[in-house]
Amino acid sequence: MQKNRNVGIIGVGQSVYSSHREEVNQPEMIQEAVAEALENAGITLDDVDCIVHGNMELFEMVHQPDLWHTLGSGAFGKECLRVTTGGTTGATLVCAADHLVASGLHDIVLAIGFEKLQEGHTTGGITNMADPLWGRQLQTGALTGMTAAQMIDEFGEERAKKVAMKYRILMDKHAMKNEKAHRRLGLEFDQAEDLAVNSPALVGELRMIHMCSQSDGACVMIFACEEKAKALCDQPAWIKDHVTAHREEMFCIFGDAPVLSTHRFAAKKLFERCGISDPRKEIDLFEMYDPSSWWGSDWLREFLLLEGDEHLKMIENDEIAMDGAFPVNPSGGVIASNPIGATAMVRVAEAALQVMGRAGSHQVPKTVNQALASGFGGTMWTVLTLLTREVPW
């Protein structure tokens with residue numbers, strides 16, 4: 001998958017994530033992230049050739065918001081592309097920006113992912129996007145207890161519940177180090193049993209404490225061709241590869257036929273063509289799109305191509321902790337902050353900051369030479385992005 005030109009991430013900006021950003025409107029919130037990204041990259045808007053913009057329009061119910069947001073994005077007079085692919089929007093924005101620079105069409109591209117969920121109705125948007133008859137199995141969106149039930153069936157109730165709760169508490173401990181994270185609860189491991197019993201139930205064994213929230217916020221990334229990336233940035237985060245896999249899950253949810261998850265399919269394809277035979281040893285860090293601690297726990301097995309209970313042992317043995325052998329979501333992950341149109345971009349942005357050594361208080365205590373980031377959404381869409389410290393080609 002060698003490209004025409006190498007592409008480096010040279011700047012990242014994020015607003016503060018919160019349940020309600022009532023003190024700013026959408027362009028003002030976006031401007032916070034744009035200004036920080038430009039400063040982080042050491043450039044001005046005059047240096048930017050193109051702006052890529054994305055969110056879930058159904059949620060705020062504002063058509064073509066990029067036109068209004070010109071006030072905050074700086075897109076006036078520049079080429080602009082609007083992208084929406086559901087929950088994967090942020091990751092797709094990264095793919096689009098990468099292709100725009102790698103193709104030679106533009107030298108510097110600024111990508112914006114955002115959501116201001118307090119101004120819309122997320123559930124209304126999700127439940128009206130599919131056919132009410134044929135799509136009725138998909139109407140719950142991310143809110144499902146199926147993974148919890150499957151994990152309990154496979155590994156037993158006690159062990160499965162303990163793993164899911166430990167994953168949740170570890171993510172909160174990471175979020176506590178990230179000053180921009182939305183949910184920073186200060187959870188401790190001795191609270192696990194109490195939380196498992198007293199947190200409000202949502203569906204089956206999926207409880208409020210396990211689940212991601214809705215957040216307001218914006219994320220901005222700046223992409224540059226190799227020549228300009230090297231000139232502008234001491235240590236860019238280079239995009240080595242990305243893979244997108246998706247399917248309409250309604251066609252295979254009935255019966256007992258074996259199902260290959262899009263996570264495992266995408267990971268296998270990415271690792272094979274990038275020469276990765278042991279992802280746990282060759283990848284230094286993983287920013288995973290984890291809508292709940294049940295899914296985060298279960299999906300480790302899929303993304304890392306593990307078998308049996310290896311993924312559970314990783315959590316039980318603190319391997320995924322910030323100072324562990326394989327850190328997962330030093331930012332706190334989706335469970336901590338979930339501005340849906342930006343969420344998948346935040347995964348790539350946070351992985352890039354780790355490679356660049358600019359993650360601040362939640363920087364992992366080792367050199368990150370190779371980082372993986374995932375996006376998830378829609379009917380089992382997966383986007384995987386691999387970043388490197390060294391120039392790929």
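The values are calculated or read from the model by the stated rules, or taken from the named source; none is laboratory data. Keep in mind it's a predicted model, so treat the numbers as computed, not measured. With ideal geometry, Cβ positions are generated from the backbone for all residues, glycine too; neighbour counts draw on all protein chains shown. Only protein heavy atoms, including side chains, enter the accessible area calculation; ligands, DNA and RNA are left aside. Shrake-Rupley method; radii C 1.70, N 1.55, O 1.52, S 1.80 Å.
The residue that is surrounded by the most Cβ atoms within 10 Å (Cβ to Cβ), counting only those in the stretch 224-239 that are of a type outside the set (A, V, I, L, M) and closer than 16 Å to R358 by Cβ, is P236.
Those residues that are within 22 Å of D241 (Cβ to Cβ) and open to solvent by 10 Å² or more (accessible area, probe 1.4 Å), I need them from the stretch 359-383; list them, please. T367, N369, Q370, F376, G378, M380, W381, listed by residue number.
Among the residues making up the stretch 1-43, those that are in a loop (DSSP other than H, G, I, E, B) and open to solvent by less than 30 Å² (accessible area, probe 1.4 Å) are N6, S15, Y17, R21, V24, I43. For the stretch 171-229, a residue qualifies if it is β-branched (V, I, T) and either without any contact (Cβ under 8 Å) to a residue 12 or more places away in the chain or touching a Pro at 6+ places or on another chain (Cβ under 9 Å) (or both), and the qualifying residues are V197, I209. In the stretch 43-54, the condition of being hydroxyl-bearing (S, T, Y) and within 21 Å of D216 (Cα to Cα) is met by no residue.
Yes or no: the stretch 328-346 includes at least one residue that is open to solvent by 10 Å² or more (accessible area, probe 1.4 Å) and either over 30 Å from V203 (Cα atoms) or aromatic (F, W, Y) (or both). Scanning the stretch 328-346 turns up no residue that is open to solvent by 10 Å² or more (accessible area, probe 1.4 Å) and either over 30 Å from V203 (Cα atoms) or aromatic (F, W, Y) (or both). Listed by position, the helices (runs of 4 or more DSSP H) inside the stretch 132-206 whose residues that are at pLDDT 95 or above and open to solvent by less than 60 Å² (accessible area, probe 1.4 Å) number at least 3 are 146-155, 157-175.
For D298, the requirement of being open to solvent by less than 60 Å² (accessible area, probe 1.4 Å) and either of a type in the set (G, A, S) or more than 14 Å from the chain's Cα centre (by Cα) (or both) is met. For the stretch 285-295, residues that are in contact with a His (Cβ under 8 Å, 6 or more places away or on another chain) and assigned to a helix (DSSP H, G or I) total 2.
Based on what the data block shows, is E57 more than 20 Å from V243 (Cα to Cα), out of contact with any Lys or Arg (no Cβ under 8 Å at 6 or more places or on another chain), modelled with pLDDT under 90 and of a type in the set (D, E)?
Working: more than 20 Å from V243 (Cα to Cα): yes; out of contact with any Lys or Arg (no Cβ under 8 Å at 6 or more places or on another chain): yes; modelled with pLDDT under 90: yes; of a type in the set (D, E): yes.
Criteria met by E57.
Quick one: in the stretch 44-56, which of the residues that are β-branched (V, I, T) and not in a strand (DSSP E or B) is most open to solvent (accessible area, probe 1.4 Å)? It would help to see each step written out before you state the result.
So in the stretch 44-56, the residues β-branched (V, I, T) come out as 44, 48, 51-52.
Keeping just the survivors that are not in a strand (DSSP E or B) gives 44, 48.
Numbers: T44: 73, V48: 5 Å².
Across the stretch 44-56, the extreme among qualifying residues is T44.
Can you tell me which residues in the stretch 1-37 are under 13 Å from A111 (Cβ atoms) and among the aliphatic types (A, V, I, L, M)?
Step one: of the stretch 1-37, the residues under 13 Å from A111 (Cβ atoms) are 7, 9-14, 30, 33-34, 37.
Correct list: V7, I9, I10, V12, I30, A33, V34, A37.
H63 fulfils the conditions (1) assigned to a loop (DSSP other than H, G, I, E, B); (2) open to solvent by less than 20 Å² (accessible area, probe 1.4 Å) except for a single criterion, (2).
When the stretch 207-223 is limited to residues that are outside any helix (DSSP H, G or I) and surrounded by fewer than 24 Cβ atoms within 10 Å (Cβ to Cβ), the one that is modelled with the highest pLDDT turns out to be M211.
Restricting attention to the stretch 73-121, the residues being open to solvent by less than 10 Å² (accessible area, probe 1.4 Å), of a type in the set (S, T, N, Q) and either within 19 Å of I30 (Cβ to Cβ) or modelled with pLDDT of 95 or more (or both) number 2. Answer yes or no as to whether H242 is assigned to a strand (DSSP E or B), in contact with a Ser or Thr (Cβ under 7 Å, 6 or more places away or on another chain) and either open to solvent by 60 Å² or more (accessible area, probe 1.4 Å) or not hydrophobic (A, V, I, L, M, F, W, C) (or both). Taking the combined requirement at face value, the residue satisfies it.
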